[in-house]
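Let me begin by presenting the structure, written as structure tokens, before commenting on it.
Here, each number is a calculation from the coordinates, and none is a lab measurement. All values derive from a computational prediction rather than experimental measurement. When we count neighbours, we look across all protein chains shown, and the Cβ atoms used for this are built from the backbone with ideal geometry, even at glycine.
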Amino acid sequence: MPCPPDCYLSTGDPNSRLSRLADDMEEEQSECGNVVLEGAQEVLADQAAGEGAVRFALTQAVLSLRDVLLVAHSRGLRLSATGDR
């Protein structure tokens with residue numbers, strides 16, 4: 001399953017259709033991160049895994065971490081803008 005592309009959204013209505021779509025995308029990115037984490041753990045546990053497999057697992061883990069941090073940053077900005085912290 002390929003990871004969904006990045007999503008950037010700024011809207012004043014957290015219940016708008018666009019906001020709900022962004023929430024769904026963020027959930028997919030988080031689920032993708034879990035899949036990547038499991039795969040990376042399997043590669044690291046495999047003593048026979050070659051350099052290519054380890055590099056691929058690390059690359060995917062870095063991309064997933066970037067997405068999760070982007071979501072966390074975006075959520076933080078939205079929460080501070082609405083005073084919901």
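Please give me the summed charge of the neighbours of residue 49: other residues whose Cβ is under 12 Å from its Cβ, Lys and Arg +1, Asp and Glu -1. Write down the numbers at each step before the final one.
Details: positive: 55; negative: 42, 46, 51.
For residues surrounding residue 49, the net value is -2.
Peptides 38-45, 24-31: what's the order by average Cβ count within 10 Å, highest mean first? Numbers along the way, then the final one.
Working: 38-45: 13.8, 24-31: 15.2.
Ranked from most to least packed, the peptides come out as 24-31, 38-45.
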